[in-house]
Amino acid sequence: MEPIEPSRRLPARSLDFWFDYTCPFAYLASTRVRELGAEMGVTPSYRPMLLGGVFRASGTPQNLAGTLSPSKASHNFADMKRWAARFGVPLTMPQAHPMRSVEALRATLATGVDPAVVDGFYEAYWVHNRDIANAEVIGEVVERAGHDRVAVLAKMASTEIKDDLRRRTEEAVSLGIFGAPTFIVDGEHLYWGQDRMTFVRGARPEHETEGVPTPRVAPEPVHERIIEVYWDFSSPFAYLGQSQIERLAAQASARVVWRPVLLGGLFRAVGSPTVPIATFSESKRRHVMLDLGRWAAYWGVPFRFPAKFPIRSVRALRVWLALPEEHRDAFRTAVFRSYWEEGRDIEVDAVLAECIGDESVAKAAFAAADSDAVKEGLRAETEAAAARGVFGVPTFVVGDELYWGQDRLELALEALTGA
């Protein structure tokens, strides 16, 4: 077995699954966690925590979904549905979401954290939309799992159980957990999200080459397949995504349409912070940096976070628009590499000229980049992206469906091929 991360020991010795019932993505993860453990050769340890307590400790709003822009909220809802379909499980958003989970978590502890009870509460919340704070619902769930409802209802009200949930939540915070679901492997390697199970497994899948999934390509299309990519040089996620998209698109017999956006302008248009990572809790920032390195290792691409960040990418984007079509691909790749592999300052014309490689072409592009037409072109691209529902980069568009993030490439590819 070849590990994705050099720091991982294979096979794993332990797998902790941290969860709360109020998170739909934790529900999705719960439907696969035992299978995941079997693949890793370990028995998952279920670790309940009160997500509200974790949020308070990290300064995260209690109703996090309520703070999202409409476009991001819409995307995340669609993303949740896509993952449910991918996992082959039912999922219905309760009208009263988020509902209290503290009573159900205490009942779970009162049963010794029985996985059957965990499954029962998730089903009650995310399939049947029942109030899991209701004593009758709690009694039904634990009884169906083989426990005495009267005994559980009595025990969950004890100081011992209440203190246990509080301690577990404090432990989660001390481990650097900031959301659910969170997996911790061997007591030290933390992974957030149901979409990081490949990293949780730790071993590079044998059927993949350089970490890139082999597309399940449908028969040759009757109509041309097109995947649109919204991007900006200033995003590490866009850098990672662009390193793979051309190859994946070629395997799917698809054409890539590159759509540059000025990310700062896009953020202003949708009401997002100019530098979102600066608003994250320390534990989430730390995880994001680890996650970037994991994706780079998984895909086998060089990556070094630059000393100068954030950076103004407007000049480089305008130059890209000003270049003749035949020079754009090479320039885009070179600028991404200059910044995200070599840490060079892409605000400087001399660096951009090197990325172009032809002095006369560079001179003409620099002159054109200052024109009102090019400036308006970039502004129009950014405004059109916001109007379409784009709120970050990279965003891949297949038909009318948006897929945000380098970690959604495979979902976009499946939509593209109908696989």
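Just so you know, all these numbers are worked out from the coordinates, no wet-lab data involved. Keep in mind it's a predicted model, so treat the numbers as computed, not measured. All Cβ positions, even for glycine, are placed from backbone atoms using ideal geometry, and neighbour counts span all protein chains on display.
Quick look at the numbers
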| quantity | calculated |
| --- | --- |
| Antiparallel DSSP beta bridges within the chain, percent to nearest 5 | 60 percent |
| At R0 = 56 Å, FRET efficiency that the Cβ-Cβ distance of Val256 and Asn63 yields, to 0.05 | 0.90 |
| ³J(HN,Hα) computed for each position of the range 300-305 - Karplus, 6.51 cos²θ - 1.76 cosθ + 1.60, integer Hz, glycine/proline x | x, 10, x, 7, 9, 5 |
| Whole-Hz ³J(HN,Hα) from phi, Karplus 6.51 cos²θ - 1.76 cosθ + 1.60, for the range 398-405, glycine and proline x | 10, x, 9, 9, 9, 10, 9, x |
| Three-way shape label, the range 1-127, alpha-carbon gyration tensor, a/c 1.5 | prolate |
| Cβ crowding within 10 Å averaged over residues, with 310-319, 341-350 ranked highest first | 310-319, 341-350 |
| Dipole in debye (nearest 20) - the range 15-201, about Cα centre, beta carbon charges: Lys, Arg +1; Asp, Glu -1 | 480 debye |
| Paramagnetic label zone (point 7 Å from Cα along Cα-to-C-beta, Asn76; backbone N under 14 Å) in the range 159-197 | 179-181, 193-194 |
| Karplus 3J(HN,Hα) series, Hz, for the range 265-281 with 6.51 cos²θ - 1.76 cosθ + 1.60 (x for Gly, Pro) | x, 5, 4, 5, 5, 9, x, 9, x, 5, 10, x, 4, 5, 8, 6, 5 |
| Dipole axis of the chain (+1 Lys, Arg; -1 Asp, Glu on Cβ), positive-most option in Pro48, Ala203, Pro324 | Pro48 |
| Share, in percent, of DSSP beta bridges within the range 225-417 that are antiparallel, nearest 5 | 50 percent |
| Three-way shape call for the range 225-417 based on the alpha-carbon gyration tensor, with the a/c threshold at 1.5 | rounded |
| Mean Cβ neighbour count within 10 Å, used as a protection proxy, ranking 385-391, 396-402, 87-93 highest first | 385-391, 396-402, 87-93 |
| Inter-site label distance for Glu401 and Val348 at 7 Å from Cα along Cβ, in nm | 4.4 nm |
| Spacing of the two label points (7 Å from each Cα toward its C-beta) at Glu282 and Ile226, in nm | 4.9 nm |
| Pair Asp358, Phe305: separation of 7 Å Cα→Cβ label points (nm) | 3.8 nm |
| Label selected from [x] 21.3; [y] 23.3; [z] 22.7, the criterion being Kirkwood radius over Cα pairs in Å as computed here | [y] |
| Selection from Pro11, Ile245, Pro94, by position along the positive dipole direction of the chain (Cβ) | Pro94 |
| The chain: angle of helix 115-126 to the longest principal axis, Cα-based, in degrees nearest 10 | 60 degrees |
| Gain on full stretching of the segment that runs from Arg337 to Arg86 - 0.36 nm per residue minus C-alpha separation | 87.0 nm |
| Under-30-angstrom lysine pairs by C-alpha in the chain, whenever the two are 8 or more apart or on separate chains | 10 |
